[in-house]
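What follows is a short report on a single structure.
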């Protein structure tokens, strides 16, 4: 994680995982007890990622960046789900 600084985060409903965003546009899924990464960080944003959050069942997490984009990610695979939402357009 960039300089080990998390901007915001969320615990999965079962408390096993933690998803956090960083200053460099990456989102990290970590094991809540150990802080160890579940997989490599996903990098989609060009700048700071605010407060990523898990879906109710933990199968998907959402991450929004100051770049105006919101991505949905499959928690298990780390792959994007669909296309990003662009908050800069209406």
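No lab work stands behind these numbers, since they all come straight from the coordinates. Remember, it's a predicted structure, so these values are computed and weren't measured experimentally. All Cβ positions, glycine included, derive from the backbone under ideal geometry; neighbour counts span all protein chains shown.
The table below lists the values:
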| item | result |
| --- | --- |
| Pairwise Cα inverse-distance average, inverted: Kirkwood Rh of the stretch 2-86 (Å) | 12.4 |
| Where labels lie 7 Å past Cα in the beta-carbon direction, separation of residue 72 and residue 85 in nm | 0.9 |
| Segment residue 59-residue 43, extension gain: residue separation times 0.36 nm, minus the distance between their alpha carbons | 3.9 nm |
